[in-house]
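The structure appears right after this line, and notes come after that.
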Amino acid sequence: MQRKSVGKAWIVVPILSLVAGVVAALLLKDMLPMPHTALGSEAQTVTLVPSTPSAQPISTPTATATPSATPSPTATQVPPTPTSTATFTPTPTSTPIILPAPELHGPPQKPAVISRAEWGSVDTTEGYIPHTLDRITVHHDGSEFYSGAAARMRSLQSWSRRVRGWVDIPYHFLIDREGYVYEGRPLEFAGDTATEYDPTGHALITVMGNYNIQEINQAQLASVVDLASWLCHEYSIPPQMIQGHRDYAATSCPGANLYPYFANGYIANAVQERLRFEEQ
Ligand SMILES: [Zn+2]
């Protein structure tokens, strides 16, 4: 009798320990931000249940806005493809978003930005490397996201320092699901990456979420265009130099549902449109 119960314990105890270990690992993983830079690609190991549905309606453009806002790429406006992306065929999984036609009253203005102080940054002054901007590179952060951007900023900053050993958030601007822009690393300092390209000279814009899984929405796309237009004007960056992370490194970033807007010239054209005041 005694030998029998001892035998059971030998089996039950290790199984319970294993189960407890797996549960603890899953809980811990959910608490950590998982930017794609941590993973090297956007592979997701945990499927998060969205706290709010992603069904943010995209407003239907008016008939008058359609013709002028529809991009028609020309040879000179298609962004260059520095790495092996030549075979990529832009195939957005949903109907392409049409942005309202811009009002060309003057140079693009800097969009409203939620400052580091506003989202609760822990600031530092040492360890940054100055750089001169000559291009814009767009990312997604690779972890499914729906709401709670300020907390995500604080978490990303903490993770960047604690886990990666970076001085700060690797990106300069981050865009939430509503299109609000958050101030990341100060723009005058080079960003960081865990992939094989040098981000020196790159203004790094990141859309919060995983756009291999989620759909980009109109508010987010409009913010990318507004921000890129201002950067191009302010730093004399040609719109052709707005690209996606995957144009420089082996990654799916900024995701299958966002990258086509860069690959097919949509973003470059929309920005070009907003810089046209300079030609008038
Ligand atoms: Zn990226």
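The values are calculated or read from the model by the stated rules, or taken from the named source; none is laboratory data. Given the structure is predicted, the values throughout are model-derived calculations rather than measurements. No Cβ is skipped: glycine too gets one built from the backbone with ideal geometry, and neighbour counts run over all protein chains shown.
With the structure loaded, tell me whether A256 is in a helix (DSSP H, G or I), hydrophobic (A, V, I, L, M, F, W, C) and touching a residue at least 24 places away in the same chain (Cβ under 8 Å) or whether it fails that test. Can you show your working first?
Details: in a helix (DSSP H, G or I): no; hydrophobic (A, V, I, L, M, F, W, C): yes; touching a residue at least 24 places away in the same chain (Cβ under 8 Å): yes.
For A256, the condition - in a helix (DSSP H, G or I), hydrophobic (A, V, I, L, M, F, W, C) and touching a residue at least 24 places away in the same chain (Cβ under 8 Å) - is not met.
Got a sec? Which strands (runs of 3 or more DSSP E) wholly within segment 130-247 have at least 3 residues that are surrounded by 21 or more Cβ atoms within 10 Å (Cβ to Cβ)? Give the derivation first.
On the way: elements: 135-140, 173-175, 181-183, 202-207, 242-244.
By residue number, 135-140, 173-175, 202-207, 242-244.
What number of residues within segment 87-123 are at pLDDT 95 or above and β-branched (V, I, T)?
Filtering segment 87-123 for residues at pLDDT 95 or above gives 110-123.
From what is left, the residues that are β-branched (V, I, T) are 113-114, 122.
The qualifying residues number 3.
Which of (1) more than 16 Å from the ligand (Cβ to nearest atom); (2) farther than 23 Å from I97 by Cβ; (3) of a type in the set (A, V, I, L, M, F, W, C) is the odd one out, the single condition L221 does not satisfy?
Here L221 clears every test but (2).
Would you check which residues across segment 259-280 are more than 15 Å from the chain's Cα centre (by Cα) and not in a helix (DSSP H, G or I) and list them?
So the first thing to find is which residues in segment 259-280 are more than 15 Å from the chain's Cα centre (by Cα), and the list is 263-266, 268-280.
Passing the criteria: N264, G265, L275, Q280.
Against the definition (within 12 Å of the ligand (Cβ to nearest atom) and among the hydroxyl-bearing types (S, T, Y)), how does Y235 come out, yes or no? Let's see the steps before the verdict.
Numbers: within 12 Å of the ligand (Cβ to nearest atom): no; among the hydroxyl-bearing types (S, T, Y): yes.
So Y235 does not fit the description; no.
Condition first: away from the ligand (no atom under 15 Å from the Cβ), polar (S, T, N, Q) and under 23 Å from Y128 (Cα atoms). Can you find one or more residues in segment 197-217 that meet it?
Looking for residues that are away from the ligand (no atom under 15 Å from the Cβ), polar (S, T, N, Q) and under 23 Å from Y128 (Cα atoms), one finds at least one in segment 197-217, hence yes.
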